[in-house]
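> Take this structure first; my questions come after.
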Amino acid sequence: MTPALLLLIGLFLWLLGLGLFLHARRLRRAGGLPPGEIIYVDTGNWRRSERPLFSKRYLLTGKPDYLVRSGHQTIPVEVKSSRLRWADPYDSHKLQLAAYCLLVEDTTGEAPAYGILKYPQFTFKIPYTPQLRKHLLTTLAHMRRAMKGGERHRSHEDAALCLRCGYRSICAEALGGTES
């Protein structure tokens, strides 16, 4: 082979590598992932993580879709398949993400500055503030009191949520009645 041919092959391989790198970066951004090393995955697209995160202190467990190590922080990322009805994430999704932030804080010793909620049409960087943390802990306390109280009533008026609920077949308060 001539030096010119070797140079052309080398240039072609370099351009191919650059193209693949840029394509991977585009896919990562489209997926809502921040820059950094993916250290935890719980999605059907990749291998599933074996163990959920667990906090003995808060008696809380959870499996975020991704944890990304970015600098000195571990950032939880939750990917939602449902589309938003408006350009603001659902409160329940914010609390779920806050729970993952609390789990990261308790298991690593360092609270993330934010978490990411990724919807099909939007990506939100949700700050993990002291107010959000307090709201989560208050909500968890209410949930635990309700669980000890025995009888629980449905707390929504959304028929679409009710239709997808895993307890619909045994719920006496299902919107539109229970399915047979």
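> Hey, among the residues in the range 69-88 that are under 11 Å from the mean Cα position of the chain (by Cα) and either part of a strand (DSSP E or B) or touching a residue at least 60 places away in the same chain (Cβ under 8 Å) (or both), which one's farthest from ILE126 (Cα to Cα)?
The residue in question is VAL79.
> Then there is this: Need pairs with beta-carbon distance below 6 Å; first residue in the same structural domain as ALA87 (by TED's automatic domain parsing) and within the range 119-132, second among the β-branched types (Val, Ile, Thr) and not in a loop (DSSP other than H, G, I, E, B); sequence gap 6+ or separate chains.
What qualifies is LYS125/ILE116.
> Given the options ALA172, ALA160, name the one that is modelled with pLDDT of 75 or more, out of contact with any Leu (no Cβ under 6 Å at 6 or more places or on another chain) and over 28 Å from ARG51 (Cβ atoms). Quick ask: steps written out before the conclusion?
Working: ALA160 fails: modelled with pLDDT of 75 or more.
Sole residue among the options that is modelled with pLDDT of 75 or more, out of contact with any Leu (no Cβ under 6 Å at 6 or more places or on another chain) and over 28 Å from ARG51 (Cβ atoms): ALA172.
The values are calculated or read from the model by the stated rules, or taken from the named source; none is laboratory data. The structure displayed is predicted, hence computed values, not measured ones. Glycine gets a Cβ as well: all are built from the backbone with ideal geometry, and neighbour counts include every protein chain shown.
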